[in-house]
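S.K.: Below is one structure. I have some questions about it.
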Amino acid sequence: MTMIRMSNIHKYFGSLHVLKGVSLEVNKGEIVSVIGPSGSGKSTLLRCMNQLEKIDGGILEIEGLVVEAAGNVGVKVSASQQQVRDTYRKMGMVFQSFNLFPHMTALENVIEAPITVNKMAKTDAVKIAERQLAKVGLLDKKDTYPSKLSGGQKQRVAIARALAMDPDIMLFDEPTSALDPELVGEVLGVIKKLAEEHMTMLIVTHEMGFAREISDRIIFMDNGEILEDASPKEFFEKPRHPRIKTFLEKML
Ligand SMILES: Nc1ncnc2c1ncn2[C@@H]1O[C@H](COP(=O)(O)OP(=O)(O)OP(=O)(O)O)[C@@H](O)[C@H]1O
Ligand SMILES: [Mg+2]
């Protein structure tokens with residue numbers, strides 16, 4: 001089953017053409033890493049997927065529903081507004097900068113969306129939150145405020161928070177790049193665990209070894225375009241595009 005299909009997506013910020021006809025598919029259970037130089041449009045791609053940005057052209061389908069269609073594409077949105085909202089709720093997003101609520105404990109951060117968005121009873125939300133905090137190894141920190149957590153712990157709470165909404169797809173935008181090197185492993189470990197459970201994931205990362213190890217496919221973006229969409233083996237061993245060779249030489 002195709003979880004996400006982007007067809008010829010265009011995005012502008014003013015006169016800046018940031019996504020220049022991007023097409024990609026993510027199938028159920030697939031782990032896709034997105035790599036590429038700074039400013040190439042990786043974050044914008046993720047933000048267009050989960051409605052944080054509107055697209056200016058192309059078709060966005062999520063779980064078989066056309067949730068956005070822009071420009072002269074000959075297709076109309078097939079999802080109702082309610083279906084569109086439901087679809088996006090099924091997408092968990094984890095940012096580089098954690099984005100936890102500072103005035104809430106770890107547990108309060110995790111129960112917030114299930115209660116306010118999904119109208120779940122507090123006792124049920126707490127059960128789910130404790131399960132997710134245990135999964136990321138932080139049940140003992142449930143009553144701790146973000147200011148007393150390390151970066152790696154904060155990011156693991158952020159992952160637990162996304163998981164508490166029972167997502168079908170997890171989107172990660174450079175989840176480890178704000179972390180001290182010794183804290184990267186604990187966050188990658190949690191993502192690896194999700195991979196073993198066959199969570200569908202799209203991960204923007206600069207961690208080449210990690211991307212190679214866990215991805216089914218690697219997408220390389222440069223200047224608003226996808227230059228490569230290949231298996232990790234092909235990507236790292238026989239990159240087709242000279243831009244990728246140059247990038248990998250710098251990164252490795
Ligand atoms: N809200 C915005 N308004 C205007 N320009 C933007 C906005 N967001 C991003 N851009 C521009 O769009 C281009 C792509 O940005 P984007 O953040 O998607 O790149 P990226 O590949 O994620 O880079 P990085 O690796 O540094 O995170 C950049 O030129 C950026 O300056
Ligand atoms: Mg980015």
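S.K.: Could you list all residues from region 79-98 that are within 16 Å of ligand 1 (Cβ to nearest atom) and among the hydroxyl-bearing types (S, T, Y)?
M.R.: Listed by number, the list holds a single entry, S97.
S.K.: Within region 16-31, take every residue that is aliphatic (A, V, I, L, M) and either in contact with an Asp or Glu (Cβ under 6 Å, 6 or more places away or on another chain) or without any contact (Cβ under 8 Å) to a residue 60 or more places away in the chain (or both) and give me the one that is farthest from E228 (Cα to Cα).
M.R.: Filtering region 16-31 for residues aliphatic (A, V, I, L, M) gives 16, 18-19, 22, 24, 26, 31.
Now narrow it down to the ones that are either in contact with an Asp or Glu (Cβ under 6 Å, 6 or more places away or on another chain) or without any contact (Cβ under 8 Å) to a residue 60 or more places away in the chain (or both): 16, 31.
Numbers: L16: 22, I31: 16 Å.
So, considering only residues that are aliphatic (A, V, I, L, M) and either in contact with an Asp or Glu (Cβ under 6 Å, 6 or more places away or on another chain) or without any contact (Cβ under 8 Å) to a residue 60 or more places away in the chain (or both), the one farthest from E228 (Cα to Cα) is L16.
S.K.: Counting just the residues of region 1-34 that are crowded, with 18+ Cβ neighbours inside 10 Å and of a type in the set (S, T, Y), which one comes out nearest to H198 (Cα to Cα)?
M.R.: S33
S.K.: Since L133 meets every condition but one in (1) more than 16 Å from ligand 1 (Cβ to nearest atom); (2) within 26 Å of S43 (Cα to Cα); (3) out of contact with any Phe, Trp or Tyr (no Cβ under 9 Å at 6 or more places or on another chain), which condition does it not meet?
M.R.: Looking at each condition in turn, L133 falls short on (2).
S.K.: For region 8-43, enumerate the residues that are part of a strand (DSSP E or B), away from ligand 1 (no atom under 15 Å from the Cβ) and farther than 27 Å from K250 by Cα.
M.R.: Scanning region 8-43 gives N8, E25, V26, N27.
S.K.: Search region 192-210 for residues that are without any contact (Cβ under 8 Å) to a residue 24 or more places away in the chain and under 16 Å from R156 (Cα atoms) and pair each with any residue that is surrounded by fewer than 22 Cβ atoms within 10 Å (Cβ to Cβ) and charged (D, E, K, R) when their beta-carbon atoms are under 9 Å apart and the residues are at least 6 apart or on different chains.
M.R.: K192/E213
S.K.: From the set of residues in region 35-53 that are charged (D, E, K, R) and near ligand 2 (Cβ under 10 Å from one of its atoms), which is surrounded by the most Cβ atoms within 10 Å (Cβ to Cβ)?
M.R.: Step one: filter region 35-53 for residues charged (D, E, K, R), giving 42, 47, 53.
Those still in the list that are near ligand 2 (Cβ under 10 Å from one of its atoms) too: 42, 47.
Working: K42: 21, R47: 17.
Only one residue tops the list, namely K42.
S.K.: Another question about this same structure. Got a number for residues in region 54-72 being over 23 Å from M1 (Cα atoms) and part of a loop (DSSP other than H, G, I, E, B)?
M.R.: 5
S.K.: Is it fair to say F101 is within 16 Å of ligand 1 (Cβ to nearest atom) and of a type in the set (F, W, Y)?
M.R.: Criteria not met by F101.
S.K.: Which of (1) within 25 Å of E225 (Cβ to Cβ); (2) among the acidic types (D, E); (3) free of Cβ contacts under 8 Å to residues at least 40 places away in the same chain does E53 not meet, given it meets every other one?
M.R.: Failed condition: (3).
S.K.: Working carefully through the options F172, F220, F247, find the one that is in contact (Cβ under 8 Å) with a residue 60 or more places away in the chain, within 16 Å of ligand 2 (Cβ to nearest atom), surrounded by 20 or more Cβ atoms within 10 Å (Cβ to Cβ) and farther than 19 Å from L45 by Cα. I'd like the intermediate steps shown before the answer.
M.R.: Details: F172 fails: farther than 19 Å from L45 by Cα; F220 fails: farther than 19 Å from L45 by Cα.
F247 is the lone residue from the list that is in contact (Cβ under 8 Å) with a residue 60 or more places away in the chain, within 16 Å of ligand 2 (Cβ to nearest atom), surrounded by 20 or more Cβ atoms within 10 Å (Cβ to Cβ) and farther than 19 Å from L45 by Cα.
Values in this text are rule-based calculations from the coordinates and carry no lab data. None of the values given here were measured: they were computed from a predicted structure. Positions of Cβ are generated from backbone atoms using ideal geometry, with glycine treated the same way; all protein chains shown enter the neighbour counts.
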